[in-house]
Amino acid sequence: MNLTKQLKFAWRSLARDLKAGELRVLALALLVAVASVTAVGFFTDRIGRAVERQAGDVLAADLIATSGFPLPEALFESIDNRPLDSAQHIRFPSVVVNPRDESQLVAVKAVTDGYPLRGTLKLADIKEPAVALPSGTSAPEAGNVWVDGQLLAALALSAGDTLELGASTFTVSKVILFEPDRGQNAFEFAPRVMINMQDLAAAELIGEGSRARYTLLMSGPTTELEAARDFINAEYSDQVRVQGVRDGSPQMKRALDRAQRFLGLASVVTVLLAGAAIALAVRHFAYRQADASAVMRTLGATRNEVIVWLSARLALIAIVASMAGIVIGWLAQLILAKLLAGWFGLTLPAPGVLSPIIGMMTAFIALAGFGLLPIIKAGRVNVMSVLQRDYSGLDSSSLVASALGLVATFLVVFLLSKDALLSAIVVLGVVAMLSVFGIFGRLMISAVRAMAGQRFRLSTAGLQRRAASSVVQLAAFAMGIMALLLISIVRVDLLAAWEQDLPADAPNVFVVNIQPDQVEGFAKQLESQGIESTGIYPMVRARLVAHNGKSIVNDEASEQQLRRARREYNLSFSNTLPLNNEIVAGEWWAEDGSAPPLLSIEQEWAEERGYAIGDTLTFKAAGVETTATVANWREVDWESFQVNFFAVSSPAMLEGLPSTYVTSFHIEENFASATTGWVRQFPGIATLDIGAIITRVKSLMDRASLAVEYVFLFTLLAGFCVLLAAVQSSQGERIRESALLRALGASHKQLREAVVLEFAILGAIAGLLAAVFATGIAWSLSQYVFELPFRLNVWLWVIGIFGGALGIAVAGYLATRRVLFTPPIVALRHAN
Amino acid sequence: MTSQPQAIENSARDDNAGVVLSGQSIAKRVSGPDGNLTILHALDIDVQSGETVAIVGPSGSGKSTVLGILAGLDTPTEGRVELLGEPLSELDEDSRARLRAGKVGFVFQSFQLLPGLSALENVMLPLEITGDKDASVKASAMLEKVGLSERSGHLPLQLSGGEQQRVALARAFVTQPSVLFADEPTGNLDSETGDKVVELMFSLREQQGTSVVLVTHDDTLASRCDRTLRMGNGRLEAV
C-alpha cells in the first residue's frame, strides 16, 4: 500500500473508531487541551493587552519619551510616519497671580489635543466644581486654563476669575478632578495648571535653560510601540528617556507582573493536565490496538504500515479535535471577553492568531511525546500474540517513553511560557511528583490491602492485582485532584493574600515639604484629627557626585551616568530601619545615634547601579559634599504606598543639612475637608491625594483576579478530563474481571461495592497525596513566584481526602456501570 | 502489501501439483526459568498445493508454535521453512508479512475480529491491506457466500460465536489465498455450530483450491483432512 492509500485507510479506520467510540476519550482529551490552551491563550492575550492598556492610564499613553530639552523635530517626524497616535505635553514650574494679586507656585502642564491617549481626564466646570463633566480628550481651549482643586482652594478661585501666567492672562474655565498621569510625578507637588500648547509661545514661559520636561506620548499596536522604543533608544538615548507601562509606577508594575504570573500559571497547569489526559488516553488506545495490529500483521501488513496506520489515525484525530478545540476555545474566550469587556470599560483588543497555533502544536507535541512509543510498540507487537494472547511486551513505562514524555512536557510548557528555566523546573517538578505518587501510592495500596478486612477483600484485591495500572491511575487521580485543589483553594488564598497585600488602610495621602520647625506641630495636628501617620521622615535633596571616590562626571561616564549625576535624589536619614523595609544584605547600624556616616540602599537600585556593600557614595546637598559607606541593602515594599526612599543614611551623614519632612497616612473622610486649613496653619506644605492611584491598582487587581478565575475554569475541565481518562484506562481489565466474577456467581451488589470501594480507596490515597503536593506548591508559589504570605489551609486536606474518595468513587462507578450491568455472557465474549 | 515478488506469484498460481509449504529440521527452543526448553525437535513437513493437513496433539504440545513458524509469524531456532517458494528464514519480519498479504489466510480459535469494525469491514481488511480497489464489493460477495450478507453492518459483539467464525472464514478466503492456516477453528464453538463452520471452511477451500494447515484436538475434524500429523514430545508423526 502506498502512503496515500495508507492515509485513506487510516481515515476510514478513524471514522470507524469514532463510530465505535474507540477514540472518544482521546478525542475529548485533545479537544480540551486545544480548547483550553487556545481559550487561555486568546483570553490572556486579549485581557493581558487590555490590562496593559489600562495600566497605560498611569502614563496617559502606552509609551512616553521624555527629555529635559525640546524633543528633536526628526523624532516627531519619525513617530508621525508610524501607525501610532501621539500627543505632547510640556511641564515646568511657574507662578500664577490671581485678580487679587495673590500668587502661587504652580506646576504648569501645556498639552496638545488628544492628551491623554490612555485614561481619562476628569473635569468639572468652574461653576460647579464638584460635578464631574463627561470625560473627553481635548486640551483647554486657547486662552483658558484648567486648575486643580488645590489651586482652586489656595487662590479662592471662582467662575470668571482670570490668572496671569507669564505674559498672558487666562480665564479659569474648568477644574481638574483627576489627571491620569499625575501619579507619575508624585513629588511634583505644586498645584496643577493646564494650558493649551498653542498658548505656550505667547505666554513666553519657556526660554533657553528653563527647567521644563518635554514629553511625547504614544499609543498603538505593541509591535509598533516596540519599534518606536527601539528607534528612540537607538537614535536619541543620550537626551531622551523612553518609558513604557512597566517602567513606570512600581505598584502597577508589580500588579501587572502578578496578574501575568497568575494567568501563566493557569495555562501551564491546564496544559499539563490536558497532556496527562492525552498520555493516558493514547496509552489506552495503543494497548487496545495491539490485537488489531497483530491481526493486521498476520494478514500481511508490515510493522511500518501498521505504525503509519495507527499514527495517521492519531494525527487525523488530533487535526479534527484541534479544529473543534480551536472553535470551542474561540467561542469560550468570546463569551468571557464579552463578560469582561464591561468591566474594563473598553473594547478588548482582537484575539491574535498565535493562540490557536500554540493550541494545535500543544496537542501534537503531547500526542507525539506520549503516544509515539506506545504506538510503535503496538505496531511491533509480537505477531504470535494472535495465537498466544500475550501482550507483555506492550508495557510502555520504559525509560525511553518517560524521556519522550518529559521532552514533550518541556516543549509544551516552553511553548506557553517561553521560559526554558521555568519549563525545566516544571519538568523536574512533574518527575518528582509522579515519582512520589508512584512510590507512596504503591506503598499505600499495599498497606490498605494488609489492613482490609474480609468485606473489602474483593476491592483491595482488585487494586493489588492491577498494581501497575492502579499506580498509574492513582498518579493521574492525584494530579487531577491536586489541580482541582490548587484551583479551588490555593487560588482563593493566593488572590486573597494579594488583595490583602494592599490593605484597605493603605496610605492615601502624602504630605511633603514640611519644614523642620513644623514637624512637631504637624504631628500634633494629625493626632488631634485622629490620623495615624506611617512616620514623619526627613528628606534631603541631593545630587550624586562620586562613587568610590571617583567623580560621576568624568570623560568615561556614559550618558546614563551623566543623567544620574544631573538628577536630584530624595535621601532620608534615620537611626531605625524604616517601616516595612527588610535588610537583605549587610546590617543596620547602631540605633543609638553613634553610627558613623553609613548608607542603606534599596536592593534593586543598588544592583542596577552596582553599589556594593562597602562602596562609598558622595552626595552634594545645598553645596555641601557628604560621603558615606554603603552598609546594607534593603528590600522595600513599594506596593505599601508608604514613604520609601532608595537611599537612607545614618544621621551622621545628612543631619544638619537643609531638609524638609515627608509623611503619608490613610484618611477615611474626604481629602479636601480633612486637609482644610493645613496650608494656612503650616505654610509651604503640600498635600497630595493618591487615593485615585490606589483605587486604580485595586481595580486592576480585581479585574485580573476575575480573569484568573475564568481561566481556571479550563484548568478544571482539563482536570476532569484526566480523571475520565484514568477511569477509562482500566475499563478493559475491569470488563474481563467482572465477567469472570459474575460468571463465578458474584452479585451485582458485590461487584458494585467492590468497584465503588476500590475507586474510593484510590481517590482517598490520591487526595492525600494531592493535598501534600498542593500545599507544597502553594507554599512555593506564594514564597517564590508571587511573593505573598503563605497560610496553611486545613480544608485542602479535608477536601482532598474525602472529596477525592467521594468524587473518584462516583466517577469510577458511573464510568464502569455499563460493565457491571452487562450480562456475563456478553462480557465474557467481549473479554475474549 | 506493496509489490509482490514475482517468484511467489508464479509458484502460488502455476499448478496444483507443487509444494506450497515445506519445513525441514525445524527446532524451537525457548529460555525458561529452568534454562532452555526445547519445544520442537527437528520437524519435517511438506504441504502440497491443494492439500489439507491436520496437526493434532494434546494441549501444550507445541501445535500452535508449529503453526506460527510455518505461517512466518514466528521463527524457528533451527531449520528452514519455505512458504510459497520463499525461504522464510531468510526474510525479515516485514518481508514475511508481505509474503502473506493476499496469499495466506488465517482462522483463529478466538476469531480475532477487530471489535471496532463491522462484519463487512473485517472482511475488507486483508483486501485493504493489499490495496484492492474493489474491497467493498468483494467483501460483500464473500459475506454472501458465508450467508451473512444481512449481518454485514453488525459489530463482532453483536454476532454469535458461529457467526463471528463465519466472518473470520470470509475474511480468510476473500483474497483467494494459496494457504490457509487454522488454529483450533472450532475450539470456541459448540459441536453443531462447529460442524457447520467446518463444512463451510472445506467448501470454500474446495472452491478455491486452497491448501489448509489446521491445528485441532478434534479427531473428527482432523479426519476430514488429507493427512493427519500428531504432535508429541516436540515431534511430528504421521498418523
Over all viewing directions the Cα convex hull of the protein assembly as shown casts an average projected area in nm² of 55.9
For chain B, report the translational diffusion coefficient in µm²/s to the nearest whole number, using Stokes-Einstein at 20 °C, 1.002 mPa s, and a Kirkwood Rh over Cα pairs. 118
Taking θ = phi - 60°, what integer Hz values does the Karplus form 6.51 cos²θ - 1.76 cosθ + 1.60 yield along region A:77-85, in sequence order, with x for Gly and Pro? 4, 4, 5, 4, 7, 9, x, 10, 7
Where the centroid of each part is defined by its Cα atoms, how far is region B:168-239 from region A:54-132 in Å? 97
Cα centroid distance between region A:564-611 and region A:264-323, in Å? 61
For A:Tyr569, which sequence-distant residues (separation of 5 or more, or a different chain) have an amide H within less than 5 Å of its own amide H, given hydrogens modelled in the peptide plane? A:Ala542, A:Arg543, A:Leu544
Indicate, rounded to the nearest 5 percent, the antiparallel portion of the DSSP beta bridges found entirely in region A:60-247. 80
What are the ³J(HN,Hα) couplings of region A:95-103, residue after residue, when phi is run through the Karplus curve with 6.51, -1.76, 1.60 and θ = phi - 60°? Round to Hz, x for glycine and proline. 10, 10, 10, 8, x, 8, 6, 8, 10
Can you give me the C-alpha center-to-center distance between region A:622-638 and region B:131-159, rounded to a whole angstrom? 90
Equivalent ellipsoid dimensions for region A:119-180 as semi-axes, Å, which come from the Cα gyration tensor, largest first: 18, 14, 10
For a quick check: with amide H placed at 1.01 Å from N, whose amide H comes under 5 Å from B:Gln48's, ignoring anything fewer than 5 positions away on the same chain? B:Val20
For region A:262-276, in order, what is each residue's ³J(HN,Hα) by Karplus, 6.51 cos²θ - 1.76 cosθ + 1.60 with θ = phi - 60°, in whole Hz (x at glycine and Pro)? 4, 5, x, 4, 4, 6, 5, 4, 4, 6, 5, 5, 4, x, 4
How high is the relative contact order of region A:60-247, given as a whole-number percent (alpha carbon pairs under 8 Å, six or more residues apart)? 37
Among B:Phe106, A:Thr816, A:Ser650, whose Cα sits farthest toward the positive end of the charge dipole of the protein assembly as shown (+1 at Cβ of Lys/Arg, -1 at Cβ of Asp/Glu, about the Cα centre)? B:Phe106
Could you give the Stokes-Einstein D for region A:509-689 in µm² per second, using the C-alpha Kirkwood radius, 20 °C, 1.002 mPa s? 123
For A:Ser649, what residues show an amide H to amide H distance below 5 Å, using hydrogens built from the backbone and excluding near sequence neighbours? A:Ser572, A:Phe573, A:Ser574, A:Ser600
In the Gaussian network model of chain B, springs joining C-alpha atoms below 10 Å, which of B:Leu117, B:Leu214, B:Leu21 carries the largest mean-square fluctuation? B:Leu117
Helical contribution to [θ] at 222 nm, DSSP H n ≥ 4, -39,500 (n - 2.57), averaged over the protein assembly as shown, rounded to 500: -16000 deg cm²/dmol
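Only the coordinates and a few stated rules stand behind these numbers; no lab work does. Nothing here was measured: the structure is a model prediction, and the numbers come from that model. Virtual Cβ from ideal backbone geometry, glycine too; neighbours counted across all protein chains shown.
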